[in-house]
Structures are given as structure tokens and as C-alpha cells.
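Colleague: Pasting a structure here, questions to come.
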Amino acid sequence: MRLQKLVLQDWRNIPQAVIEPGPELNVFCGENGQGKTNLLESIWMLTGGKSFRGSKDAELIRRGAEFSVIDAEAECGGRLQTIHLTVGAAGTARPGRTAKLNGVDQGRAAALAGTFTAVVFDPDHLSLIKGSPAGRRRFLDAALCQLYPGYLTALRRYTRILAQKNALLKQYARLPDAAGLLEVYDRQLAQFGEEVTRRRSEYLQALAPMAVENYRQISQGRETLSLAYKPSFDERGLLAAYERLRSGELRAGFCLAGPHREDVEVLLDGQPARVFGSQGQQRSAVLALKLAEATQAAEVTGEHPVMLLDDVLSELDDARQNYLLTRMRDKQVFVTACDSAAFGRAQGRVFPLKGGAVV
Ligand SMILES: Nc1ncnc2c1ncn2[C@@H]1O[C@H](COP(=O)(O)OP(=O)(O)OP(=O)(O)O)[C@@H](O)[C@H]1O
Ligand SMILES: [Mg+2]
């Protein structure tokens, strides 16, 4: 996957920009607030995904403008493809995000999914280590949704029935056939829940050895990362777990087992990384995971995704920075940084940014 040309119009604080990135390392460099992350975000939009910062469409359009336009030429699946994406303000001729691929109207930009693939690392991803289990589950779910179309269906069904079961548990004493209904819900939950848990734990099993090796290299063997999926039920299955937990669930008024109660354990030298890892170690662990995610996607789809790394170098010592910059050979990478000095060691193209313009 290689982005060859990017043309922006009225994107965030960027009135106009034309960029011809190199095949490997590309650096967006400039002071705070100049538009580095905005540029990275525009590349991410080509994947058809939502803004990785969770922004609404209206926030993407430059203040005062009606449309934002992103034009790109990228080598995807061995051929050159052109992507044309517009974000229109509400009330304009084309509101929302729409896309054309090789000149053909695709309707919503989400239809681009799978054409141009990218993996993004931004500082918020530290919550993968520091944050709640929900963030780690989202990481697995997002990756699995991209890889297996049936996964989202199972996850959605599970979530819907879970809400029904929780509602039932809250008013259990007042409903006439509550016991019968609970059994029906439990059986359905067990079916979809076991599928979700199985997929997640298989995915993590494939990812873990790569992430562990990445971490070993980033840290030059100084610490050892280990990862394990923590299911909420044992080999007897989820339905058996519900039976054992029945009285507890009735007391609690909510469901106590299933994918929504599971987590990924992240250890550094056998201790929870969340509590015992330093900032730089936590960042290294997220990077190791993200790089493994990209390698895994390359194995499934046959093409390495473009890497978008926002502000990764801060908090990494020289050796870790060096590793990161050299390991990216043969892959197209976009990195943001306030100062381009660190990149002298690696060959790449530097794009200095000032006030939303590439100078
Ligand atoms: N829709 C918009 N219209 C105009 N300006 C915008 C819009 N959205 C964001 N901006 C501005 O873009 C500026 C640059 O944002 P960006 O996050 O890209 O900076 P950055 O170069 O990554 O800075 P940092 O080094 O602090 O991360 C911000 O000052 C922000 O106010
Ligand atoms: Mg930024």
C-alpha cells in the first residue's frame, strides 16, 4: 500500500496542499498547532473509516468553507487507484462524507473500506495499556471487524441480547415468566458470546508472538512483554457459566459473564503494564501491538497497510527511536514531529508545516 499523491482543499486548518510522499519514511514537521495531525488524519480518511480523533464531519471542514475535498492517488492491490472524497456541511448540495473511486461514485465514504488500508497510532492509544478493559476489547473488535465480515454480526447480536437480559434481570421478580425468558436469552448469548470470545482469543494468539518480538526489539531485550486473552468462562462453556452464576446475577441485576466482561492482560516482566510500566515502556508496548496489528493485516490481505504515527517519538529514548525508524524500511510510514532532527538518521522526505501550509 503506497500513497503517491495527496491533494487537500479546505481540510481543517489547511486551505490547500499538495503532497507527493516518498515510498518509505515521510515526516510532517512543525510547531504545535500547525496542522501535522490534521494532515495525518486526512490520509486516514482514505480508509473509509471515521476520524480517529472521533471528530464530527462539520469539524473536518475548514472554518468558513462549505466543502472539504481530499484527492489521492495510491497504489493498492498492485494498481494505481484514485480516491476522491468530499465532506460537505449540512444543507449543502452533498452533505456528509461521499467518495468516488477511479471516477466512479461510491455513495458514502464508508464504501471505500478495504481499498486503502492504514494503521494509526496516536497518543490516545496509550489508553490501550492505561485505560479500562473496554478500550482493549475495542482494539480487538476493530481489527476483527476489518478481517472477518461475520464478526460484527455476532458482536451486534450479542450486545442486543445482553441489553435485553440486563433489562429482564432488573425486573425479574415482577415478571410472570421471567425464568423461561432468561433461559432463552442465556442460550442465545452463549452461542454468540462464545463465537466472539473464540475469535478474539484466536486473534490475540496470532498477534501476541509478533507483538512480543516487536517489544523485545524495541527495548533491546531489556523487558519482556506478555499478552493473554482473559475469557470470563472456562472450557465448560458460557451457558454453564450462566447456570453457575444465576443467583449472583439475580442479586446484582446484571449479566456477569461473556465477552463484555473480558480483558487482555498486558504484562511487562510479569507485572501489569498499566500499573508498573513507565510512560516510555507503555508507549513501546502500544507500538509493539500496533506494528503487530499491521503485520497481521498484511498476512490476511497480502498487503502491508500504510503506517500513520502521530507523535510517537516523544518519550522514547535514542535506541528505541532508532529501532522504530529503521524497522519501517520497505513500508510507507507517515510520522509527525515538532523537530525533524531525529530523522536525520533515517532517510525520508520531510514536509515542514506552518499555519496549515506545506512550506
Ligand atoms: N475545521 C477547522 N477549521 C480551521 N482550523 C481548524 C479546524 N479544525 C482544526 N483546526 C485547527 O488546526 C490547528 C492544527 O491542528 P493539528 O492538530 O493538526 O496541530 P499539530 O500540528 O498536530 O499540533 P501538535 O504539535 O500540538 O500536535 C489547530 O489549531 C486547530 O484549531
Ligand atoms: Mg498533533
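Colleague: Can you pull out every residue in the stretch 273-299 that is farther than 26 Å from Lys5 by Cα, of a type in the set (A, V, I, L, M) and either touching a Phe, Trp or Tyr at 6+ places or on another chain (Cβ under 8 Å) or surrounded by fewer than 22 Cβ atoms within 10 Å (Cβ to Cβ) (or both)?
Modeller: Passing the criteria: Val275, Ala285, Val286, Leu287, Ala288, Leu289.
Colleague: Taking helices (runs of 4 or more DSSP H) that do not extend beyond the stretch 220-332, which have at least 2 residues that are more than 17 Å from the chain's Cα centre (by Cα) and of a type outside the set (A, V, I, L, M, F, W, C)?
Modeller: 238-252, 279-301, 318-327
Colleague: Hey, Tyr151 hits all of (1) out of contact with any Cys (no Cβ under 8 Å at 6 or more places or on another chain); (2) open to solvent by less than 10 Å² (accessible area, probe 1.4 Å) but one; which does it fall short on?
Modeller: Of (1) out of contact with any Cys (no Cβ under 8 Å at 6 or more places or on another chain); (2) open to solvent by less than 10 Å² (accessible area, probe 1.4 Å), only one is false for Tyr151: (1).
Colleague: Here is a follow-up. It is to be established whether one or more residues within the stretch 174-182 are at pLDDT below 95, open to solvent by 60 Å² or more (accessible area, probe 1.4 Å), under 25 Å from Arg274 (Cα atoms) and over 24 Å from the mean Cα position of the chain (by Cα).
Modeller: So far as the stretch 174-182 goes, no, none of its residues is at pLDDT below 95, open to solvent by 60 Å² or more (accessible area, probe 1.4 Å), under 25 Å from Arg274 (Cα atoms) and over 24 Å from the mean Cα position of the chain (by Cα).
Colleague: Another one. Would you be able to tell me the number of residues in the stretch 57-101 that are among the small types (Gly, Ala, Ser), within 18 Å of Ile19 (Cα to Cα) and more than 14 Å from ligand 1 (Cβ to nearest atom)?
Modeller: Count: 2.
Colleague: Exactly one condition in (1) open to solvent by less than 60 Å² (accessible area, probe 1.4 Å); (2) among the acidic types (Asp, Glu); (3) in contact (Cβ under 8 Å) with a residue 24 or more places away in the chain is false for Asp234; which is it?
Modeller: Going through (1) open to solvent by less than 60 Å² (accessible area, probe 1.4 Å); (2) among the acidic types (Asp, Glu); (3) in contact (Cβ under 8 Å) with a residue 24 or more places away in the chain one by one, Asp234 breaks only (3).
Colleague: Which pairs have Cβ atoms under 7 Å, sit 6 or more apart or on different chains, and link a residue in the stretch 178-207 that is more than 15 Å from Glu235 (Cα to Cα) to one that is at pLDDT 95 or above and not in a helix (DSSP H, G or I)?
Modeller: Listed pairs, sorted by first residue: Leu189/Gly258; Arg200/Tyr229; Leu204/Leu227; Leu204/Tyr229; Leu204/Val264.
Colleague: Now for a different question. Can you find even one residue in the stretch 51-66 that is within 16 Å of ligand 2 (Cβ to nearest atom), surrounded by 14 or more Cβ atoms within 10 Å (Cβ to Cβ) and free of Cβ contacts under 8 Å to residues at least 40 places away in the same chain?
Modeller: Yes, the stretch 51-66 contains a residue that is within 16 Å of ligand 2 (Cβ to nearest atom), surrounded by 14 or more Cβ atoms within 10 Å (Cβ to Cβ) and free of Cβ contacts under 8 Å to residues at least 40 places away in the same chain.
Colleague: So, in the stretch 32-50, how many residues would count as being open to solvent by 40 Å² or more (accessible area, probe 1.4 Å), within 7 Å of ligand 1 (Cβ to nearest atom) and not small (Gly, Ala, Ser)?
Modeller: Matching residues across the stretch 32-50 total 1.
The values are calculated or read from the model by the stated rules, or taken from the named source; none is laboratory data. Just so we're clear, the structure is a prediction, and the values are computed from it rather than from any experiment. We place every Cβ from the backbone using ideal geometry, glycine too, and count neighbours over all the protein chains shown. Accessible surface areas use protein heavy atoms only, side chains included; no ligands, DNA or RNA. Shrake-Rupley method; radii C 1.70, N 1.55, O 1.52, S 1.80 Å.
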